[in-house]
1. Charges only on Cβ, +1 for Lys and Arg, -1 for Asp and Glu: so what's the dipole of the chain about the Cα centre, in debye to the nearest 20?
2. Tell me which residues come under 5 Å, amide H to amide H, from residue 265 once H is placed; ignore anything under 5 positions away on its chain.
3. Using only the alpha-carbon atoms, how far is helix 163-176 inclined from the longest principal axis of the chain? Give it as 0 to 90 degrees, nearest 10.
4. Under the definition of Cα pairs under 8 Å and six or more residues apart, what whole-number percent is the relative contact order of the chain?
5. What 222 nm value per residue comes from the helices of the chain, counting each DSSP H run with n ≥ 4 as -39,500 (n - 2.57) and dividing by all residues, nearest 500 deg cm²/dmol?
6. How large is the charge dipole for the stretch 118-249, taken about the Cα centre, if only the Cβ atoms of Lys, Arg (+1) and Asp, Glu (-1) carry charge, to the nearest 20 debye?
7. Residues with amide H under 5 Å of residue 123's amide H, sequence separation 5 or more or different chain, H placed in the peptide plane at 1.01 Å from N; which?
8. Could you provide, to the nearest whole Å², the per residue accessible area of the chain with probe 1.4 Å?
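The values are calculated or read from the model by the stated rules, or taken from the named source; none is laboratory data. Since this is a predicted model, take the numbers as computed values, not measurements. With ideal geometry, Cβ positions are generated from the backbone for all residues, glycine too; neighbour counts draw on all protein chains shown. Heads up: the accessible areas ignore ligands, DNA and RNA and are worked out on the full protein's heavy atoms, side chains in. Shrake-Rupley method; radii C 1.70, N 1.55, O 1.52, S 1.80 Å.
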Amino acid sequence: MSIPKTEKIWCNGKFISWDDAKIHVLSHVVSYGSAVFEGVRCYETANGSAVFRLTEHMQRLINSAHIYRMDVPFSVEELCQAVLDLVRANKLNACYIRPIVLRGYEDVGVDPRTCPVDVYLACWPWGKYLGAEAMSEGVDVCVSSWNRPAPNTLPQMAKAAANYMNSQLIKMEAKTNGYAEGIALDVNGHVSEGSGENIFVVTNGTVITPPLANSSLPGITRNTIMTLCRDFGIPVAEQVIPREMLYIADEVFLCGTAAEITPLRSVDRIKVGAGGRGPITERIQEEFFAIITGKKPDRHGWLSPVGVPSGAVR
Ligand SMILES: Cc1ncc(COP(=O)(O)O)c(C=O)c1O
């Protein structure tokens, strides 16, 4: 899938054209993976386009940079405003937004601190990450032979580019073997997360997700789901999940900005529950989609209106 080009990319406070958003091959990020990034979605709601949990995404971006001693010369508020300006400038209703903070071109040594920190924001139209049918039918996944990085290796609370070398191994292995996605275990063999999604299991009416200490990203969709469960009065817990619980749980689903809420049909070819989307997954999914499309009130203040002029493209 090639990215559908849009007109503008925001670079260090200015709009540049899509084709001009280039870096030198000897930029620090190319050799050493020294970038942090975000994935954010803008939805078309009944009341105009709106970016989902923008402040939380920009705060996580700043947190990721902070872990890697990168000084981002923009505040969370400035970045939020820049994202809204970018979506408006590209006249998009619904899109995916990719903020990137990277170490640029200056020095080729491992110590990155003399290299400039450059901030880019790009956006483009993007559909369902795991396929449109996945939302209702569920997908088939495997447990990966690759583990998530151990604590004190690559910090998993940072959404850093380098972490995604591990994600790529998980994803490529899964797809090569005919699965839609791979679930990684942590260094101790406990369930961690998918290559680009957090994971939840539903067992005896309780919704459970691994704690962050199991090498999982502090996902914003994960937090959204936990909040919706509390709203519904559904018991929800962060709890260590042994691998085999994936096989005997009543329901399992993946979640993330790209994957949204995707049920699992099977894990390692073992049927999950009845082998499709379970009732609790469906209830959470329905509420999530009702809020992001504006069909239900945005009671948690999760949507930032873009104010796209009429005649915008999708
Ligand atoms: C490894 C990983 N885990 C979890 C997630 C889900 O995070 P979020 O819901 O904030 O998109 C993502 C996606 O960003 C991810 O790449």
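1. Working: 30 positive and 33 negative charges, 72 e Å.
It works out to roughly 340 debye.
2. Placed amide hydrogens put 139, 140, 141 under 5 Å from residue 265.
3. 50 degrees
4. Numbers: 650 pairs, mean separation 67.8, N = 314.
Across the chain, relative contact order equals 22 percent.
5. On the way: 8 runs with 82 residues, N = 314.
Calculated mean residue ellipticity at 222 nm is -7500 deg cm²/dmol.
6. Working: 8 positive and 12 negative charges, 35 e Å.
So the dipole magnitude of the stretch 118-249 works out to roughly 160 debye.
7. For residue 123, the qualifying residues are 98.
8. Numbers: 14010 Å² over 314 residues.
Here the per-residue accessible area is 45 Å².
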